[in-house]
Amino acid sequence: MKKLFLTLAALALGTAGLAQSGKLEIFSWWAGDEGPALQALIDLYKKRYPNVEVINATVTGGSGVNARAVLKTRMLGGDPPDSFQVHAGQELIGTWVVADRMEDLTPLFNQEGWMTKFPKGLIDLLSYKGKIYSVPVNIHRSNVMWYVPAKLREWGVQPPKTWAEFLTVCQTLKSKGLEAPLALGENWTQQHLWESVALGVLGATDYANLWTGKLRFNDPKAVAVWNTFGRVLDCANKDASGLSWQQAIDRVLEGRAAFNIMGDWAAGYMTTTKGLKPGEGFGWAPAPGTAGVFMMLSDSFGLPKGVKNRTNVLNWLRLLGSKEGQDTFNPLKGSIAARTDSDPSKYNAYLQSAMRDWKSNRIVGSLVHGAVAPESFMSQFGTVMEIYLSSRNAQAAANAAQAIATQVRLGQ
Ligand code: GAL
């Protein structure tokens, strides 16, 4: 009876949204400071489907380190969330898609006309054997260096353009009394720094070759990455392991450090949470040695097989992939739309510059954020990092990385 009433009410109002009821559990790591963009999207969903109860299930922890562990337990335990955040690329494909736990979303892409709205390269990243498995909500850039322009002026330094230049600037800053010119956080942020150093040292082609197996991790060129990485680490704070990515950014904003290498969710944090103006409150540049290259990653959501609220999930995915959804979420998140038809006037100066680079730069994928290597490699790379940090032995770290690459058959 209640259902019939709701359906009639929906028809009367000319909106199908009212007829939808039940629940929708959205699982992500966008908690606390990372929450506002997701909340804006949920608010939009609630406007369209006021009778659906949305459960915003978050597990705190940058880059999803904790959320992925909880997700694993739930997926393996037969209790999948209705929809979960996952990076486009191997993070999704190499885990739940190959395990046949995700629904094919190709029909949704066709219905919504999305095949021409998302870049082909991105659709490829979401696909396995010709079928598409998640809906991308954004494009983030990994290789960005953040700073405060007024502080650099005060110290009389420019944003370095290469890692060699960075090391010189680091010495200058140290001589001016800045103990740790580079702000760094917990393990995953160190891996994040590593991928930018690798890109800068190897260049885009050899960096990409690491993921296809064409360049081995124990090749002298790849060993050299660890050597540079070690010298860069010497410019960083010693208490890194205890800091979140936000706390590392805070060090830069407080003038206790000059630079931080982080993905552009940092721009979201500095604008949405801290209320700073891009170009004034903070400045940015490609990570040293990576100008002209955009290291990308994309957050996406999928539909696990056997969920309780399938229709509500499909409506959620429709909203995520829509122009309105993307242009609501991304300006707050610090990312650009994955769709090619978004409205630039809704985006701030940093994001407009990212949009230009996304169109004109060479594109490579992020390791730490799921684009290029399966979860089995990604999660063990944290151990490689620990090996390097405790031994400072570049060859040992390179050998460990190659052993894992061989084990997981990276690139095959
Ligand atoms: C990334 C994710 C971003 C942001 C960041 C920090 O992996 O793609 O959206 O949440 O982690 O947690």
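Bear in mind these aren't lab numbers, they're just calculated from the coordinates by the rules spelled out. Because the structure is predicted, anything quoted here is derived from the model rather than measured. Every residue, glycine as well, gets a Cβ built from its backbone with ideal geometry; the counts of neighbours run over all protein chains shown.
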Within segment 112-156, which residues have the backbone N less than 17 Å from the label spot 7 Å out from residue 171 along Cα→beta-carbon, could you tell me?
-> none
Going fewest to most other Cβ atoms within 10 Å around each Cβ, 126, 410, 389 line up as 389, 410, 126
What dipole magnitude, in Debye to the nearest 20, does segment 265-412 give about its Cα centre under +1 on Lys/Arg Cβ and -1 on Asp/Glu Cβ?
-> 280
So which lysines can residue 151 reach, going by Cα to Cα under 26 Å and dropping same-chain residues fewer than 8 places off?
-> 161, 174, 176, 238, 274, 277, 333
Determine, for 303, 215, 76, the number of other Cβ atoms within 10 Å of each Cβ, and report the residues in order from fewest to most.
-> 76, 215, 303
At q = 0.14, 0.24, 0.27 Å⁻¹, what is the log10 ratio I(q)/I(0) for segment 110-185, with the Debye formula run over Cα points and no solvent?
-> -0.63, -1.17, -1.39
Relative contact order (percent, whole number), the chain, Cα cutoff 8 Å, 6+ residue spacing | 26
Theoretical gain in end-to-end length, residue 161 to residue 412 [0.36 nm per residue, Cα-Cα removed] = 86.9 nm
Relative to the longest principal axis of the C-alpha atoms of the chain, give the angle of the C-alpha long axis of helix 310-321, reported between 0 and 90° and rounded to the nearest 10°.
-> 50
Straight-distance crosslink candidates among lysines, where the alpha carbon sits under 25 Å from residue 308 and sequence neighbours closer than 8 are dropped = 2, 3, 23, 46, 47, 72, 131
Per-residue ellipticity at 222 nm attributable to helices in the chain (runs of n ≥ 4 DSSP H, -39500 (n - 2.57) apiece, nearest 500 deg cm²/dmol) works out to -14000 deg cm²/dmol
Burial ranking of peptide ranges 199-209, 154-164, 305-315 (average Cβ count within 10 Å, highest at the top) | 199-209, 305-315, 154-164
